[in-house]
1. Just one of (1) more than 7 Å from every other protein chain (Cβ to nearest Cβ); (2) of a type in the set (A, V, I, L, M); (3) within 21 Å of the chain's Cα centre (by Cα); (4) under 24 Å from A:V159 (Cβ atoms) trips up C:I143, so point out which.
2. Taking A:K262 as the residue in question, decide whether it is without any contact (Cβ under 8 Å) to a residue 40 or more places away in the chain, within 19 Å of C:G192 (Cα to Cα), assigned by TED's automatic domain parsing to the domain that holds A:V147 and open to solvent by 20 Å² or more (accessible area, probe 1.4 Å).
3. Select from the range B:157-175 the residues that are surrounded by 24 or more Cβ atoms within 10 Å (Cβ to Cβ) and away from chain A (no Cβ under 12 Å) and list them in ascending order.
4. Given the condition farther than 29 Å from A:Y162 by Cα and surrounded by fewer than 23 Cβ atoms within 10 Å (Cβ to Cβ), answer yes or no: does some residue in the range B:104-117 qualify?
5. Name the residue that is nearest to C:R219 (Cα to Cα), counting only residues in the range A:238-251 that are open to solvent by less than 10 Å² (accessible area, probe 1.4 Å) and in a strand (DSSP E or B).
6. Please go through the range C:213-223 and give me each residue that is open to solvent by 10 Å² or more (accessible area, probe 1.4 Å) and either β-branched (V, I, T) or in contact with a Phe, Trp or Tyr (Cβ under 6 Å, 6 or more places away or on another chain) (or both), ordered by number.
7. Anything in the range A:12-38 that is touching a residue at least 40 places away in the same chain (Cβ under 8 Å) and within 19 Å of A:A67 (Cβ to Cβ)? List them, or say none.
8. For the range B:95-211, list the strands (runs of 3 or more DSSP E) that sit wholly inside it and hold at least 2 residues that are free of Cβ contacts under 8 Å to residues at least 24 places away in the same chain; which are they?
Amino acid sequence: MQFTAKDIALMLKGTVEGNPLAEVSHLAKIEEAQAGSLSFLANPKYEQYLYVTNASIVIINNDQQLAAPVKSTLIRVENAYSAFTILLEAYNTFKLQKEGIEQPSFVHESATVGSNAYIGAFAYISQDVKIGNNCKIYPNCYIAGNVKLGDNVTLFPGVVIYFDCVIGSNVIIHSGAVIGSDGFGFAPNPDGTYNKIAQIGNVIIEDDVEVGSNATIDRATMGSTIIRKGVKIDNLVQIAHNVEVGANTVIAAQTGIAGSSKLGENVMLGGQVGVVGHITLAKGTQVQAQAGVSRSIVEEGKRWAGSPAIGYTADMRSNVIVSHLPELERRVRELETIIKELKKDVQ
Amino acid sequence: MQFTAKDIALMLKGTVEGNPLAEVSHLAKIEEAQAGSLSFLANPKYEQYLYVTNASIVIINNDQQLAAPVKSTLIRVENAYSAFTILLEAYNTFKLQKEGIEQPSFVHESATVGSNAYIGAFAYISQDVKIGNNCKIYPNCYIAGNVKLGDNVTLFPGVVIYFDCVIGSNVIIHSGAVIGSDGFGFAPNPDGTYNKIAQIGNVIIEDDVEVGSNATIDRATMGSTIIRKGVKIDNLVQIAHNVEVGANTVIAAQTGIAGSSKLGENVMLGGQVGVVGHITLAKGTQVQAQAGVSRSIVEEGKRWAGSPAIGYTADMRSNVIVSHLPELERRVRELETIIKELKKDVQ
Amino acid sequence: MQFTAKDIALMLKGTVEGNPLAEVSHLAKIEEAQAGSLSFLANPKYEQYLYVTNASIVIINNDQQLAAPVKSTLIRVENAYSAFTILLEAYNTFKLQKEGIEQPSFVHESATVGSNAYIGAFAYISQDVKIGNNCKIYPNCYIAGNVKLGDNVTLFPGVVIYFDCVIGSNVIIHSGAVIGSDGFGFAPNPDGTYNKIAQIGNVIIEDDVEVGSNATIDRATMGSTIIRKGVKIDNLVQIAHNVEVGANTVIAAQTGIAGSSKLGENVMLGGQVGVVGHITLAKGTQVQAQAGVSRSIVEEGKRWAGSPAIGYTADMRSNVIVSHLPELERRVRELETIIKELKKDVQ
């Protein structure tokens, strides 16, 4: 892939300053760019690199002033950052374009697959599955019976979706993620053994959701585990049975949400957070990494930290003192000694 | 699937009150039930729903009193909850029935497979593998050389079992779980690099064990990592080399157990718990979510919390004070001021 | 596999004491050995077992004194432990020997594969992939377009490597690990939704690295996520986009490193550790299990613990007091009472 400054300016509706025939073959950060790189400058903090970069082309804001000469050809646009993300997107769309049904793959005769599908070799599509248009099912994926996928869904290699689950449109699921495995439900017997409680519900993932690699989302015991529109789930996250995650909630890596908890919209959970079962987190709740939320949070838009989680500011303050606890203990001991003396003096 | 009240009452040895020809097609919670739903009432807390539910049929206890008229057809049984779990089980058995060897799959000529097996497409069964009766090996599973599986084992899609491992009967392993990968053993060299210590042991999983999706259980360096009868392991759990997990122990999601630790019977570990290596947890030990157990626990049946873990009650008490530490520090500061004054007064 | 004491002594350049024709078929710890076992004694703590073991052969150090008669045939060598790890290694090399291209597998016509390769059934090798010599690609692995693998690389079943990633020589990646999935990058919109930021970088894994099962290493947004030479990564570890892990660093299970953080050489992270994004950990830093590192660490070779992490010794001291906080609070309360009384007395 080789593009000229002229081509790119045309695509981004920008204007060229310098050589319109300058060619680039790849995208790079301005501080790491080399001959053939296309870079951008949006953050003023990085302006210094503009005057020393080896990038063949740099995209900059229309109103960017130049404090020194620039070797690179420039393309001026309204918003350099947005323009660059459009290029990133275009690059990836190009890299990830795939179409056709590779062999050997397994598509049950009762399954329906929409137009422009990619179905990789060794992918398995079961009975009564319905797949929308423009979907990509990479190799080694498994889609169980009666699963429904909307349009523009991408399942990267090795994704597993258990029976009856429903996936919306524009959903991306990364490799190794497991959707719809059994919830962890067992009834104890008097002799200490357990009986499995059959998990007959499903998982519903709405539109525009992304699920990270090796994340796990369990099916409901009955009813549905629900991931609402626009939710972003990072790698190795665990979502237990009957959980409901509100729209546009973001969950960082290795976080776990226990059974039947309900998260509001636009919640943000840091990495390695734990949320106990059967609680509710209000809309806009933010939880710091490694925190453990053990009670429902009813007030919207607050920030929490610690395990068990308390208000963020209180946690920060407590942490400072925890790290100096031996000193606090010493101060108390000194007070005890002084007071003993004082009591003697007073009596 | 359509069933009448009469059919179901026959199956559950119950008695019908209402229309014996009422039909249902699916199971649902009483509070979410609709026409065509079969529900149950066991917990008195939910009795209110009995009088308003749209369920076509509700299973109730023989001794359930009716405080108001009920629209649904009722089926009375000895234990409504147990009866319902039997139906859940039957439903899932039906949904998950599979038989036959799909193609293309890979079964080594030296492998033996018992009766009524399901082997999915793209499953791989290596040399000298022995598989019992009624086993289901879903697509994309991999079973390495010399592995043994008992009867009624289910491996959901994408399970991997490394060589020499032994799996008992009635074991369920969910998608993406990895059994028998190398323990994390490396010997340091003087120059800061590491030599891998070959891991030649195996994993033994006894009967009636369930392993969650994307869980990992490492093989022993020598000897065996052992998961005893009836153990239930949730998603994304890590069990290191040479660990032994006692019978009927339950381990919630994302918990990790480091090398060579031994857990007694009927231990319960919450989610995201960490257990350090080379320790022992007594029978019946219960550990709260996110706790970190750093020492052996010898007393049976106690509850632990915190990181490092201390007794549960002590931890609860300490947590309350931790969240008010700045106040405690202020109180100490005030005492210091007062005492300074007092000392002046006294002197 | 049957070997005589004479065979083994020859291989290890040792000398036989006892029956040179004694035969062994497997390796075992001295305390668990039986007839047919080959064991070793290196640690003086285990010497007692030498006089009671049923092992047919025991490897011991040249300078090992015998305090009592020994039934087993002995093989004396310079370093019994090293000699035994050589045997472990040989055993595993034998167990894991594989060669040839199994069918059905998918190898794109533009891919190049070096000599002595094993490519298992249902493995998928995409366009422009380059694989070195002596590589083993087990069944159900997926290697995306333009990936490069060095020599002697082993990918256990179900490994996924996304496009453009570069893997060095002597790398071992265990089952279910995902290399190069998208970094977790989203730009917030004013309406609360998020736009995905395309992740066009890659992952570079240098020589001699081992990656545990179901671990995830995300590709960089731009540039590379880099795992340097000799790094050892345990199961279920998460490495986010643009992270750089220094040579010979060791990361235990379930630990997570957030975006753009840089770890120095020979860092050691315990299990379930969290490292926040955009920080630096100095060479030789050691972090205890479950700790949360929230700030850059500049001093080399120090030990850290707690969440947020503080110096190891300070953390140990604070933990002791945390577990006795209710008592400390009571002491402060007593002081308050005494002082109230004292003040009355003084006034």
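1. Against the list (1) more than 7 Å from every other protein chain (Cβ to nearest Cβ); (2) of a type in the set (A, V, I, L, M); (3) within 21 Å of the chain's Cα centre (by Cα); (4) under 24 Å from A:V159 (Cβ atoms), C:I143 comes up short only on (3).
2. Yes; evaluated as a whole, the condition is true for this residue.
3. Within the range B:157-175, B:I161, B:Y162, B:I167 qualify.
4. Yes, the range B:104-117 contains at least one residue that is farther than 29 Å from A:Y162 by Cα and surrounded by fewer than 23 Cβ atoms within 10 Å (Cβ to Cβ).
5. Ranking the candidates gives A:I251 first.
6. Passing the criteria: only C:T221.
7. Kept after step one, since they are touching a residue at least 40 places away in the same chain (Cβ under 8 Å), are these residues of the range A:12-38: A:12-20, A:22, A:27, A:38.
If the condition is that a residue be touching a residue at least 40 places away in the same chain (Cβ under 8 Å) and within 19 Å of A:A67 (Cβ to Cβ), then A:E17, A:G18 are the ones that fit.
8. Those strands (runs of 3 or more DSSP E) span B:186-188, B:194-196.
The values are calculated or read from the model by the stated rules, or taken from the named source; none is laboratory data. Keep in mind it's a predicted model, so treat the numbers as computed, not measured. All Cβ positions, glycine included, derive from the backbone under ideal geometry; neighbour counts span all protein chains shown. In case anyone asks, the SASA skips ligands and DNA or RNA and just uses the protein heavy atoms, side chains included. Shrake-Rupley method; radii C 1.70, N 1.55, O 1.52, S 1.80 Å.
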